[in-house]
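A.B. asks: Dropping the structure in here first, questions after.
The values are calculated or read from the model by the stated rules, or taken from the named source; none is laboratory data. From a predicted model like this one, the values you see are computed outputs, not experimental measurements. Note that we place each Cβ from the backbone using ideal geometry, even for glycine, and neighbour counts take in every protein chain shown. We work out accessible area using only protein heavy atoms, side chains counted, and drop any ligands, DNA or RNA first. Shrake-Rupley method; radii C 1.70, N 1.55, O 1.52, S 1.80 Å.
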Amino acid sequence: MRKFMLAAAAALFATQSAAQAPRPPKLLVVISVDQFSADLWDEYRPQFTGGLARFEAGTTFHNGYQSHAATETCPGHSTILTGDHPATTGVIANNWVDQSVTRSDKSVYCAENEQAPGSSSISYKVSDQHLRVATLGDRMKAVWPTSRNVAVSGKDRAAVMMSGHHADQRWYWDGKQYVTDLAGVPVPRSVTLANAALQKVLAAPGEPLQPPPFCSGKAQPITVEGSGKVVGNGTLARAAGDAAGFRASPALDGSTLAVAAGLVQEMNLGRAATPDLLSISLSATDYVGHAYGPGGQEMCLQLLDLDREIGDFLAFLDRTGVDYQLVLTADHGGLDIPERLRLHGVSDAARVDPALGAAAMGKRIGQQLGLSGPVLIGEFTGDVYIDKALKPADRTRVLKEALAAYRAHPQVAAAYSREQVAKTPMPTGNPVQWTLLQRARASFDDQRSGDILVFLKPNITPIADTSRYVSTHGSPWDYDRRVPIAFWRKGQAPSEREDVVETTDIMPTLAAMIGLPLTPGSVDGHCLAAVAACQSR
Ligand SMILES: [Zn+2]
């Protein structure tokens, strides 16, 4: 009897533990689609039939948040696999101002080593040194030295922030080919072959994409203020050798996925005793968004092609037979161009007043206070720095004048001093309810952030000169903060979730899935119990 009881208890225990902690996946595949807002995802989900439709059979959160104010590529990617807000990762923007550097623009790039000889904010040496914390891949390798941490992207900063300090392979598009910053790492044959094949693709013209009815329904030509560019009805065609056109087309994402597939095959990812991580950041959606705005035919063509490209990549992964866990998210969302938003009834949509630029504002305040020098350094929104060369008393006068001038402007939602942001406690809980000050706090760093933090009102596009980009992101508003967070693994039951989650929750959730120890409370994010068997403590 006693023996039977023990056997029954053992069987029960075995069933329970199997149910609570399923076999860990062998390969984690984390895909970030740059500038893929949850608004776009919500709109296009019914149109997807390829790789992006895969998530319909998974667990989908359409209320995912990049919760912080500085919704740019580098901070956004720094949250995804660290579990931390930019205030903790230290990656507060794509570029910040460091007035101690010798270069004239004082601008430091998030993924560079500015101490490298001859580097500038434009021609920089790629580095992970600004990332203050460990990534999931770093943590996996610390526990399981044979685990592989691999990243591929259209942008260096995305690959660096997703893989961190201990990457085995890291490849990104430099405008001409896929390159790496990792010294002494053997170049995989698949990367050499992909680069050779890409030279031919680049040298040939890109044919116009044929819009299906859903896309041609969006083909309304719109003239952009300032530059007079016409956008809305483009086909993403490009001339032979047009590298910028290549970048703003699905061909960039297709090539990034081809490099990723080559690395999976050549490195046998997911086939060793310890789990591997493959991070992929697909950048073309962001370039298409900046070039045309996310509301026209161009973005429609991009997203439907991206769906096909990811579909091909997943079909390849399926054929390998590897048990992989798939994640989809984005580094930030985006806002459509004001010219089109107004046609759709968003009457407050506008381009920023050029007088709000930090240089223009600094010049005006300098004249007013009788000060020379730049006075203020920065752009239209986010971090604005007061010239360090000014005397402390003059800096105080500038701060007071600048705060008053920003706050009095009808396009400005708020302007905070760094002291105000610094003394705000780090926000927790539902990010939808965070105040603007709390959002600012989540991407504030005492050493790197500005002396003044400026936030424009919703639907104000911080681009006055439209000769290069027409549309952007970077605001503390939900169109830039809300992103998809979705999980899929073979055989799982579909689950569509309405609850609010954060991109910082992805890392602790994946850690729980693979049994990676994580001290509770050691990162900003939380394991998602809807997806993984989280530790109860
Ligand atoms: Zn962008």
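A.B. asks: I need the full set of residues from the range 385-397 which are assigned to a helix (DSSP H, G or I) and either among the polar types (S, T, N, Q) or more than 20 Å from Arg448 (Cβ to Cβ) (or both), in order please. Can you show your working first?
C.D. replies: Just the residues of the range 385-397 that are assigned to a helix (DSSP H, G or I), to begin with: 392-397.
Matches in the range 385-397: Pro392, Ala393, Asp394, Thr396, Arg397.
A.B. asks: Name the single residue that is nearest to Pro25 (Cα to Cα) among those in the range 261-298 being of a type in the set (D, E, K, R) and not in a loop (DSSP other than H, G, I, E, B).
C.D. replies: Restricting attention to the range 261-298, the residues satisfying the condition of being of a type in the set (D, E, K, R) are 266, 271, 276, 286, 298.
Pick out the ones that are also not in a loop (DSSP other than H, G, I, E, B) and you get 266, 276, 286, 298.
Details: Glu266: 19, Asp276: 9, Asp286: 30, Glu298: 37 Å.
Filtering the range 261-298 for residues that are of a type in the set (D, E, K, R) and not in a loop (DSSP other than H, G, I, E, B), the one nearest to Pro25 (Cα to Cα) comes out as Asp276.
A.B. asks: Among the residues of the range 462-493 satisfying the criterion of being under 14 Å from the mean Cα position of the chain (by Cα) and assigned to a loop (DSSP other than H, G, I, E, B), which is farthest from the ligand (Cβ to nearest atom)?
C.D. replies: Restricting to residues being under 14 Å from the mean Cα position of the chain (by Cα) and assigned to a loop (DSSP other than H, G, I, E, B), the top hit is Ser475.
A.B. asks: Ok, one more. Which of the residues spanning the range 395-418 are touching an Asp or Glu at 6+ places or on another chain (Cβ under 9 Å) and either under 24 Å from Ala349 (Cβ atoms) or of a type in the set (Asp, Glu) (or both)?
C.D. replies: Residues of the range 395-418 touching an Asp or Glu at 6+ places or on another chain (Cβ under 9 Å): 395, 398-399, 402, 409-411, 417-418.
Within the range 395-418, His409, Pro410, Gln411 qualify.
A.B. asks: Right, next: Taking only the range 161-194 into account, find how many residues are of a type in the set (S, T, N, Q) and surrounded by fewer than 18 Cβ atoms within 10 Å (Cβ to Cβ).
C.D. replies: Residues of the range 161-194 of a type in the set (S, T, N, Q): 163, 169, 177, 180, 190, 192.
So of that shortlist, the ones also surrounded by fewer than 18 Cβ atoms within 10 Å (Cβ to Cβ) come out as 177, 192.
Total satisfying the criteria: 2.
A.B. asks: Is there any pair linking a residue in the range 515-537 that is at positive phi to one that is assigned to a loop (DSSP other than H, G, I, E, B), with Cβ under 8 Å and at least six apart or on different chains, and which?
C.D. replies: Gly515/Ala21; Gly515/Pro24
A.B. asks: Residues that are closer than 30 Å to Thr466 by Cβ and either in contact with a Leu (Cβ under 9 Å, 6 or more places away or on another chain) or of a type outside the set (A, V, I, L, M) (or both): does the range 178-198 have at least one?
C.D. replies: No, there is no match, as no residue in the range 178-198 is closer than 30 Å to Thr466 by Cβ and either in contact with a Leu (Cβ under 9 Å, 6 or more places away or on another chain) or of a type outside the set (A, V, I, L, M) (or both).
A.B. asks: Within the range 266-280, does at least one residue satisfy the condition of being in contact with a Gly (Cβ under 9 Å, 6 or more places away or on another chain), charged (D, E, K, R), open to solvent by less than 20 Å² (accessible area, probe 1.4 Å) and more than 23 Å from Tyr44 (Cα to Cα)?
C.D. replies: Yes.
A.B. asks: Can you name the number of the only condition in (1) within 16 Å of the ligand (Cβ to nearest atom); (2) assigned to a loop (DSSP other than H, G, I, E, B) that Ala532 fails?
C.D. replies: All conditions pass for Ala532, except number (1).
A.B. asks: Same structure, new question: Quick check on the range 436-448. Is at least one of its residues farther than 23 Å from Gly334 by Cβ, surrounded by fewer than 24 Cβ atoms within 10 Å (Cβ to Cβ) and in contact with a His (Cβ under 9 Å, 6 or more places away or on another chain)?
C.D. replies: Checked the range 436-448: at least one residue is farther than 23 Å from Gly334 by Cβ, surrounded by fewer than 24 Cβ atoms within 10 Å (Cβ to Cβ) and in contact with a His (Cβ under 9 Å, 6 or more places away or on another chain).
A.B. asks: Give the range 21-56 a look and list any residue that's more than 16 Å from the ligand (Cβ to nearest atom), of a type outside the set (A, V, I, L, M, F, W, C) and touching a residue at least 40 places away in the same chain (Cβ under 8 Å), or say none.
C.D. replies: If the condition is that a residue be more than 16 Å from the ligand (Cβ to nearest atom), of a type outside the set (A, V, I, L, M, F, W, C) and touching a residue at least 40 places away in the same chain (Cβ under 8 Å), then Pro22, Arg23, Pro24, Pro25, Lys26, Tyr44, Gln47, Thr49, Gly50, Gly51, Arg54, Glu56 are the ones that fit.
A.B. asks: Please go through the range 339-370 and pick out each residue that is aliphatic (A, V, I, L, M) and part of a helix (DSSP H, G or I).
C.D. replies: Keep residues of the range 339-370 that are aliphatic (A, V, I, L, M), which gives 341, 343, 346, 349-350, 352, 355-356, 358-361, 365, 369.
Leu341, Leu343, Ala355, Leu356, Ala358, Ala359, Ala360, Met361, Ile365, Leu369, listed by residue number.
A.B. asks: If you scan the range 456-478, which residues turn out to be at negative phi and touching a Ser or Thr at 6+ places or on another chain (Cβ under 6 Å)?
C.D. replies: Let us first name the residues in the range 456-478 that are at negative phi, namely 456-458, 460-473, 475-478.
Correct list: Leu456, Pro462, Ile463, Thr466, Ser467, His473.
For every residue, the table says whether it meets (1) in contact with a strand residue (DSSP E or B) (Cβ under 7 Å, 6 or more places away or on another chain); (2) without any contact (Cβ under 8 Å) to a residue 40 or more places away in the chain; (3) more than 16 Å from the ligand (Cβ to nearest atom).
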| position | (1), (2), (3) |
| --- | --- |
| Arg271 | no, no, yes |
| Asp276 | yes, no, yes |
| Ser281 | yes, no, no |
| Gly296 | yes, no, yes |
| Leu301 | no, no, yes |
| Leu304 | no, no, yes |
| Phe313 | no, no, yes |
| Val322 | yes, no, yes |
| Gln325 | yes, no, yes |
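A.B. asks: Could you identify the single residue in His68, His77 that is in a helix (DSSP H, G or I), at pLDDT 95 or above and crowded, with 24+ Cβ neighbours inside 10 Å?
C.D. replies: Working: His68 fails: in a helix (DSSP H, G or I).
When all the criteria are applied, what remains is His77.
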